[in-house]
Amino acid sequence: MANQFKIRSESPSRLENFSDAVFAFSITLLMISLEVPKNFTQILELSDELIAFAVTIIPLFIIWQQHRLFFRRYGLDDNKILILNTSLLFIVLIFIFPLKFLSLFLVRFYSSIVFGTQTVFGTMINGEQVPMLMVYYGMGALGLVFVFSRFYKHALNKKVELELSPYELRHTEYYKRLFTHLCFIPIISIVFVLAIMFFNITIASIGSGMLYALTGGVFAINQRWLTKVSRIND
């Protein structure tokens, strides 16, 4: 059909199989980091860990799904893709534990506010370290969306070889634009943290996290662009 992507990779390549193994290994690393509880207090603590684990694997699953769709749609397997894919897997492996730590921090932080449980400050992290945690998170998020933007830029460079249809060309451009624009959100968050943390740690920490709400606006703007372009071409 004209208005859908052609599947150019029916069966996973060795590169995809290796990537799937790395994603699976990342989830395994998260699971084996959970300790078997020895008393009820540890069971309660494990509940926090399980919630944080669930929160962590959601973005990991989204990354894997985007990775799977790209390779099924374009079937690219050249040196540029090898470099980009290796970079993506490296970021996933080094990003997964800070992401889980941030998830666990947020779960226990809100739990301390709602249920009066033990505060996370002084146990998990010191207050002055939170801004740098957000910087660390922002760098990981920036790396991931940047690599995906390069994936789609490379696909556009191969449009003649791939024989992309007008529909595929529009949507490939859409994803390239989307991931490129998403790069600005962690950059803005990191700059905000570094600029404000020396004046007010609390504002720097909370504000940097709230800036990620701009993600919805980026999706809306690019979806509007895609709708406009599709209407003109159809």
When (1) crowded, with 16+ Cβ neighbours inside 10 Å; (2) not in a loop (DSSP other than H, G, I, E, B) are applied to Leu164, the one that fails is (2)
I'd like to check something: does the stretch 89-102 contain any residue that is open to solvent by 70 Å² or more (accessible area, probe 1.4 Å), among the aromatic types (Phe, Trp, Tyr) and modelled with pLDDT of 90 or more? yes
Go through Phe23, Phe18, Phe70 for me and flag whichever is surrounded by 19 or more Cβ atoms within 10 Å (Cβ to Cβ), within 30 Å of Val160 (Cβ to Cβ), modelled with pLDDT of 85 or more and not charged (D, E, K, R). Phe70
What about Leu156, is it in a helix (DSSP H, G or I) and either of a type in the set (Asp, Glu) or within 19 Å of the chain's Cα centre (by Cα) (or both)? no
Between a first residue in the stretch 44-65 that is more than 20 Å from Leu89 (Cα to Cα) and open to solvent by 50 Å² or more (accessible area, probe 1.4 Å) and a second residue that is among the hydrophobic types (A, V, I, L, M, F, W, C) and assigned to a helix (DSSP H, G or I), which pairs have beta carbons less than 8 Å apart while being 6 or more apart in sequence or on different chains? Ile51/Val107
Could you please find all residues in the stretch 126-140 being open to solvent by 20 Å² or more (accessible area, probe 1.4 Å) and either of a type outside the set (A, V, I, L, M, F, W, C) or modelled with pLDDT of 90 or more (or both)? Asn126, Gly127, Glu128, Gln129, Tyr136, Tyr137, Met139
Matching residues, the stretch 157-187, being among the hydrophobic types (A, V, I, L, M, F, W, C), at pLDDT 90 or above and either touching a Gly at 6+ places or on another chain (Cβ under 9 Å) or within 15 Å of Asn222 (Cβ to Cβ) (or both): Leu178, Phe179, Leu182, Cys183, Phe184, Ile185, Ile187
Selected residue (criterion: nearest to Val135 (Cα to Cα)) from residues of the stretch 188-208 that are open to solvent by 80 Å² or more (accessible area, probe 1.4 Å) and modelled with pLDDT under 90: Ile206
Please work out which one of (1) without any contact (Cβ under 8 Å) to a residue 12 or more places away in the chain; (2) assigned to a helix (DSSP H, G or I) is the condition Ile221 fails and give its number. (1)
Restricting attention to the stretch 103-125, the residues that are of a type in the set (A, V, I, L, M, F, W, C) and either at pLDDT 90 or above or part of a helix (DSSP H, G or I) (or both) number exactly 8
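The values are calculated or read from the model by the stated rules, or taken from the named source; none is laboratory data. Keep in mind it's a predicted model, so treat the numbers as computed, not measured. Ideal geometry is used to build each Cβ from the backbone, glycine not excepted, and the neighbour counts take in all protein chains shown. Areas reflect the complete protein model, heavy atoms only, side chains present, ligands, DNA and RNA absent. Shrake-Rupley method; radii C 1.70, N 1.55, O 1.52, S 1.80 Å.
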